[in-house]
1. Report the charge-dipole magnitude of region 29-88 in Debye, nearest 20, computed about the Cα centre from +1 at each Lys and Arg Cβ and -1 at each Asp and Glu Cβ.
2. Tell me the label-point distance for the pair A121, A105, using the 7 Å Cα-to-Cβ offset, in nm and rounded to one decimal.
3. In sequence order, what are the phi-derived ³J(HN,Hα) couplings for region 96-113 according to the Karplus relation 6.51 cos²θ - 1.76 cosθ + 1.60 with θ = phi - 60°, rounded to whole Hz, with x for glycine and proline?
4. Want the number for T85 to R38: 0.36 nm per residue separation, take away the alpha-carbon distance, what's left?
5. If you add up the charges near V94, with Lys and Arg at +1 and Asp and Glu at -1, over every other residue whose beta carbon is less than 9 angstrom from its beta carbon, what do you get?
6. Can you compute the modelled spin-label distance between R113 and Y93, with each label point 7 Å from Cα toward Cβ, in nm?
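Bear in mind that the values in this text are calculations on the coordinates, not laboratory data. On a predicted model such as this, the values are computed, not experimentally measured, just so you know. Every residue, glycine as well, gets a Cβ built from its backbone with ideal geometry; the counts of neighbours run over all protein chains shown.
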Amino acid sequence: MADLVDKHAIYMMKKLRLSPLKLTSTDDVLIVYISGYRSYSRLHLKVGETHLHPDPLVRYTERLPHFIRVHKHYLINPHFVESVTQIDATHEYVTMVWGDQLPIARRRIPQVRKAIHAALASRSVAIQP
């Protein structure tokens, strides 16, 4: 049943072209992360598909306030974060559930760590009965 719901949601997202102006709170659960470069954004979906859109990343940042901006090129959904790994004193990256590793900008490390730990804590609290 959940698979059928995901397929329907993906169909509706494709139909709406995943425009940042047309996203709803039910659509964002399918987005793992969004990568951006200049005026284009690539949405990476939980089913493994990617979609390129002619909208800058800042539009998605405004429309999806609970997503975390980890780098100037990446906006992540905290529900799909597996871990945060520190390479050295100034380099860290986020590992997503499917193994994608995204860099965290040096100036954003404290804020990103705090936001991810809060999201992980709320997720574990929600799982407990």
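1. Working: 7 positive and 5 negative charges, 43 e Å.
Charge dipole of region 29-88: 200 debye, to the nearest 20.
2. Going from the A121 label point to the A105 one covers 2.5 nm.
3. 7, 4, 8, x, 5, 10, 10, x, 10, 5, 3, 6, 9, 3, x, 5, 5, 4
4. Fully extending the segment from T85 to R38 adds 14.2 nm.
5. -3
6. With each label placed 7 Å out from Cα toward Cβ, I get 1.9 nm.
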